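Asks: A single structure is presented below for examination.
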């Protein structure tokens, strides 16, 4: 009997796979924006933004007077542009190729299908990491894919997106750039405690003469160790430095394969994080495809990525798809300064 992938892997098994597929990755971006799933993505987004945004002072009133009406910030634009991420493959073509190559065993074919489900789900997670990296690099998400061109702005003030000088010049005053960025937050009563950058910028800071002199004195200048640089930045600015050099692969418009960074190489971002190093939340919501599994879900659906399968008549094919609904939450856009190195 011909192998039927829809019968071999039923809806219950696909639900089990989805619910057990972890989206946590060993990336600083996942620590900055830990992932949370909610059935009410728009309501939860508003709660997170309004509950954690910078507090504003209430007004003093005379006795027996009417209370001033407070105002809530509006984030409807971001909600309308939350990301629906999905990818599918024609399972029939691949399975027929495997059968033609001598893999007639149903169990092995099933393993190949689960491998595809994992790869598709991983692609969805990768796209969420791209979004988190763009928030840290630019304060917005820029989408130029699948005939969609869209910029989603998370409200980082324009004057907190600044230009730094040429850090590759060993005589340049890197201290001054960092101090200026810190002052932008200090003027608002905010004390930054962390920074995110690339190994390239770490290397340039280690070579910087003023930083070497600050640690070693004028007569003993040499390349700073990473530990010495980290201690210097903590002592001078109270900053813990994280590095993000991770890359992802993508398919170009011409079909060739390329790679890119999650976080821009020439950026030094300072920000205020909580004790666990969190800046925001990676908020996931229910996808339209989850409706297929409602009959099997007894408790809360804990799946972040949803895997579905179906057949079509024209073309005759069986498809596998992974999808996710996602939006990063940056509750305090005023507590971050993004500096682009080499632009001053």
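Asks: Give the residues of region 300-331 that are more than 16 Å from the chain's Cα centre (by Cα) and more than 23 Å from residue 110 (Cα to Cα), sorted by residue number. Give the derivation first.
Replies: In the first step, residues of region 300-331 are kept if they are more than 16 Å from the chain's Cα centre (by Cα); the result is 300-303, 306-323.
Result: 300, 301, 302, 314.
Asks: Could you tell me whether region 272-281 includes any residue that is in contact (Cβ under 8 Å) with a residue 12 or more places away in the chain, in contact with a helix residue (DSSP H, G or I) (Cβ under 7 Å, 6 or more places away or on another chain) and more than 30 Å from residue 344 (Cα to Cα)?
Replies: Within region 272-281, one or more residues are in contact (Cβ under 8 Å) with a residue 12 or more places away in the chain, in contact with a helix residue (DSSP H, G or I) (Cβ under 7 Å, 6 or more places away or on another chain) and more than 30 Å from residue 344 (Cα to Cα).
Asks: Every residue in region 16-41 that is within 26 Å of residue 131 (Cα to Cα) and part of a helix (DSSP H, G or I), please.
Replies: Listed by number, the residues that qualify are 17, 18, 19, 20, 28, 29, 30, 31, 32, 41.
Asks: Another question about this same structure. If the requirement is being under 17 Å from residue 172 (Cα atoms) and assigned to a loop (DSSP other than H, G, I, E, B), which of these qualifies: 223, 229, 233? Break it down stepwise before answering.
Replies: Details: 229 fails: assigned to a loop (DSSP other than H, G, I, E, B); 233 fails: assigned to a loop (DSSP other than H, G, I, E, B).
223 is the lone residue from the list that is under 17 Å from residue 172 (Cα atoms) and assigned to a loop (DSSP other than H, G, I, E, B).
Asks: Given the criteria modelled with pLDDT under 65 and surrounded by 18 or more Cβ atoms within 10 Å (Cβ to Cβ), does residue 68 qualify?
Replies: no
Asks: Would you pick out the residues in region 241-280 that are within 15 Å of the chain's Cα centre (by Cα) and crowded, with 19+ Cβ neighbours inside 10 Å?
Replies: 244, 262, 263, 264, 269, 279, 280
Asks: Name the one entry in 159, 177, 171 that is farther than 26 Å from residue 279 by Cα and either touching a helix residue (DSSP H, G or I) at 6+ places or on another chain (Cβ under 9 Å) or assigned to a helix (DSSP H, G or I) (or both).
Replies: Working: 159 fails: farther than 26 Å from residue 279 by Cα; 177 fails: farther than 26 Å from residue 279 by Cα.
Residue meeting the stated conditions: 171.
Asks: Search region 281-298 for residues being more than 16 Å from the chain's Cα centre (by Cα) and outside any helix (DSSP H, G or I), and hand back the single one that is surrounded by the most Cβ atoms within 10 Å (Cβ to Cβ).
Replies: 287
Asks: Filter region 311-324 down to the residues that are modelled with pLDDT under 90 and part of a strand (DSSP E or B), then identify the one that is nearest to residue 183 (Cα to Cα). I'd like the intermediate steps shown before the answer.
Replies: Just the residues of region 311-324 that are modelled with pLDDT under 90, to begin with: 311-320.
Adding the requirement that they be part of a strand (DSSP E or B) leaves 311-313, 316-320.
Values: 311: 59, 312: 60, 313: 63, 316: 63, 317: 60, 318: 58, 319: 54, 320: 51 Å.
Within region 311-324, the match that is nearest to residue 183 (Cα to Cα) is 320.
Asks: Let me ask you something else. If you take the residues of region 136-156 that are within 19 Å of residue 239 (Cβ to Cβ) and assigned to a helix (DSSP H, G or I), which of them is farthest from the chain's Cα centre (by Cα)?
Replies: So the residue we want is 137.
Asks: Can you name the residue in region 236-249 that is touching a helix residue (DSSP H, G or I) at 6+ places or on another chain (Cβ under 8 Å) and part of a loop (DSSP other than H, G, I, E, B) and is also farthest from residue 27 (Cα to Cα) among such residues?
Replies: Across region 236-249, the extreme among qualifying residues is 239.
Asks: Do we find a residue being touching a strand residue (DSSP E or B) at 6+ places or on another chain (Cβ under 6 Å), at pLDDT below 95 and either under 18 Å from residue 281 (Cβ atoms) or part of a helix (DSSP H, G or I) (or both) anywhere in region 86-104?
Replies: Looking through region 86-104, at least one residue is touching a strand residue (DSSP E or B) at 6+ places or on another chain (Cβ under 6 Å), at pLDDT below 95 and either under 18 Å from residue 281 (Cβ atoms) or part of a helix (DSSP H, G or I) (or both).
Asks: So residue 115 ticks every box in (1) out of contact with any strand residue (DSSP E or B) (no Cβ under 6 Å at 6 or more places or on another chain); (2) modelled with pLDDT of 85 or more; (3) surrounded by 15 or more Cβ atoms within 10 Å (Cβ to Cβ) but one. Which box is left unticked?
Replies: Every listed condition holds for residue 115 apart from (3).
The values are calculated or read from the model by the stated rules, or taken from the named source; none is laboratory data. The structure presented is a predicted model; accordingly, all values stated were derived computationally and were not measured. Don't worry about glycine lacking a Cβ; one is built from the backbone with ideal geometry, like all the others, and counts go over all protein chains shown.
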